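Asker: Below: one structure in structure tokens.
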């Protein structure tokens with residue numbers, strides 16, 4: 001009864017229609033606009049180069065601008081001292097793995113963790129107790145408000161985790177091609193810095209995410225005093241097995257002086273074998289995966305096609 005009353009409520013219908021129209025406009029707008037992530041990736045690389053140059057000149061870089069010109073989220077976070085703690089470095093690493101390297105990224109994340117729980121709880125309270133959009137008992141309404149607050153607290157972590165997983169899939173797919181390009185550069189006589197820079201430019205149109213990571217490593221190799229630290233930063237930003245193996249191989253190459261082209265060729269062959277083994281594993285799982293869909297969707301129509309004409313003839317003869 002409450003659902004029928006809610007369906008016939010003009011305010012509720014107008015709200016649903018407005019949300020639907022807004023969603024259609026957003027979908028059409030996003031479909032018509034061509035998104036090119038490469039300029040943003042190159043901007044991050046340029047920003048990192050500028051930061052390292054400033055650190056080289058000043059020996060101690062101050063990455064915190066004046067509070068008077070800071071954004072509202074930055075001012076709130078700095079006022080409450082939310083950026084201080086032992087887990088801030090780990091949080092920066094997580095944001096970097098998700099592709100968020102802007103200076104205000106950590107402040108935006110902390111402000112979202114602070115503001116979303118009361119905001120979502122207030123929206124739930126407004127719909128349940130003020131607008132009476134859902135007619136439930138007060139205790140259930142209170143639980144909905146509490147669930148909204150918990151959901152608002154978890155929402156930034158959920159979005160960041162999903163973005164990191166999507167980014168890792170893209171990087172994992174493009175890594176063997178980048179490694180092959182690096183092997184070609186090393187065999188052509190280029191140094192490690194030049195190889196990273198060349199691979200970053202060549203792979204940019206096809207995979208801007210990996211081009212950004214390789215470009216950042218190229219910049220850090222040229223500015224950081226410890227080259228192993230730059231390679232370790234690459235492994236920390238991209239926690240994939242192939243990237244970690246590449247970083248360890250290059251660190252050993254720099255340390256012991258082994259030929260770069262030979263090391264990269266061996267690593268490329270290993271990654272190719274891993275991709276072949278992963279493909280064979282998926283192919284071996286395919287028959288078992290298709291068993292249930294075949295039983296549910298293929299066999300019934302097949303039985304209808306084979307047995308249907310005979311059944312119809314039998315029914316006709318009986319009548």
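Asker: Looking only at the stretch 196-220, which residues are over 22 Å from residue 94 (Cα atoms) and crowded, with 24+ Cβ neighbours inside 10 Å?
Answerer: Hits for the stretch 196-220 are 196, 199, 200.
Asker: So, of the residues in the stretch 181-193 that are without any contact (Cβ under 8 Å) to a residue 60 or more places away in the chain and touching a helix residue (DSSP H, G or I) at 6+ places or on another chain (Cβ under 7 Å), which turns out to be surrounded by the most Cβ atoms within 10 Å (Cβ to Cβ)?
Answerer: Looking at the filtered set, the residue picked out is 185.
Asker: So if I check each of 286, 296, 267, 290, which one is outside any loop (DSSP other than H, G, I, E, B) and closer than 19 Å to residue 203 by Cβ?
Answerer: Just a single option satisfies the conditions, and that option is 267.
Asker: Mind checking which residues of the stretch 66-104 are closer than 26 Å to residue 148 by Cβ and modelled with pLDDT of 85 or more?
Answerer: Matches in the stretch 66-104: 91, 94, 95, 98, 100.
Asker: Just to be sure, is residue 246 assigned to a helix (DSSP H, G or I) and touching a helix residue (DSSP H, G or I) at 6+ places or on another chain (Cβ under 7 Å)?
Answerer: yes
Asker: Here are some residues: 282, 255. Which one is under 25 Å from the mean Cα position of the chain (by Cα), exposed (fewer than 11 other Cβ atoms within 10 Å of the Cβ) and within 27 Å of residue 171 (Cα to Cα)?
Answerer: Just a single option satisfies the conditions, and that option is 282.
Asker: Return the residues of the stretch 158-175 that are closer than 18 Å to residue 93 by Cα and out of contact with any helix residue (DSSP H, G or I) (no Cβ under 8 Å at 6 or more places or on another chain); say none if nothing qualifies.
Answerer: Result: 158, 159, 161, 162, 163, 165, 166, 169.
Asker: Does residue 274 satisfy the criteria of being out of contact with any helix residue (DSSP H, G or I) (no Cβ under 7 Å at 6 or more places or on another chain), within 22 Å of residue 248 (Cα to Cα) and either modelled with pLDDT of 85 or more or in a helix (DSSP H, G or I) (or both)?
Answerer: The answer is yes for residue 274.
The values are calculated or read from the model by the stated rules, or taken from the named source; none is laboratory data. All values derive from a computational prediction rather than experimental measurement. Cβ: placed from backbone, ideal geometry, glycine included. Neighbour counts: every protein chain shown.
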